[in-house]
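Working notes, beginning with the structure itself.
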Amino acid sequence: KPSLATFNDMQEKMHVLPSYDDGDQGFLNAYFGQSWDRLPYVYNFVKSKTGNPEAFYWLLDFQWWSIKVIHMVGVKPWKCTRYRDCGGFPERVIPRLWALWWDYALDLCDTSASLECFNPVDGATVSS
């Protein structure tokens, strides 16, 4: 449950607690320890099929619309063009998932007057 007291405490400890990866996940692990609940897979859909390939492909093939959060481990689509992998771990980039992310992002660019969308490679304005 969201808590302003917990948030403020986390802010105070952000630069004090050790983080195994110098990032947000390491800090969260250090802060919360074992007191957390695992969310359903659709709230942390990792773009790599290495964890649970059967669930990964079943969701992607038959229930893609139920995915709430795509966890973009490694190569980030917002740092690339829609047609380019940008290196990294190409064997771990799933073309259908990459296309799903970009379709949604471009739809937001086309329908939201408050978003400024640009190509991260050349700075040109992006549209579908």
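Matching residues to (1) open to solvent by 40 Å² or more (accessible area, probe 1.4 Å); (2) in contact with a helix residue (DSSP H, G or I) (Cβ under 6 Å, 6 or more places away or on another chain); (3) in a helix (DSSP H, G or I):
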| position | (1), (2), (3) |
| --- | --- |
| 5 | yes, no, yes |
| 11 | yes, no, yes |
| 20 | yes, yes, no |
| 42 | no, yes, yes |
| 54 | yes, no, yes |
| 68 | yes, yes, no |
Flagged in region 87-128 as of a type in the set (Ser, Thr, Tyr), surrounded by fewer than 11 Cβ atoms within 10 Å (Cβ to Cβ) and modelled with pLDDT under 75, in numbering order, are 125, 127
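Output the number of residues of region 1-32 satisfying the condition of being closer than 21 Å to residue 71 by Cβ, of a type in the set (S, T, N, Q) and out of contact with any Gly (no Cβ under 8 Å at 6 or more places or on another chain).
Just the residues of region 1-32 that are closer than 21 Å to residue 71 by Cβ, to begin with: 2, 10, 19-32.
Checking the rest, the ones that are also of a type in the set (S, T, N, Q) come to 19, 25, 29.
When the remaining residues are screened for being out of contact with any Gly (no Cβ under 8 Å at 6 or more places or on another chain), the result is 25, 29.
Adding up the residues that qualify gives 2.
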ask   = With respect to residue 36, is the statement that it is assigned to a loop (DSSP other than H, G, I, E, B) and at pLDDT 80 or above true?
value = yes
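One line per residue, one yes/no per condition, for (1) under 23 Å from residue 97 (Cα atoms); (2) open to solvent by less than 70 Å² (accessible area, probe 1.4 Å); (3) in contact (Cβ under 8 Å) with a residue 12 or more places away in the chain:
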site	(1), (2), (3)
27	no, yes, yes
32	no, no, no
64	yes, no, yes
72	yes, yes, yes
75	yes, yes, yes
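The values are calculated or read from the model by the stated rules, or taken from the named source; none is laboratory data. All values reported here derive from a predicted model rather than from experimental measurement. Glycine also receives a Cβ, built like all others from the backbone with ideal geometry; neighbour counts cover every protein chain displayed. Surface areas here come from the heavy atoms of the whole protein model, side chains and all, with no ligands, DNA or RNA. Shrake-Rupley method; radii C 1.70, N 1.55, O 1.52, S 1.80 Å.
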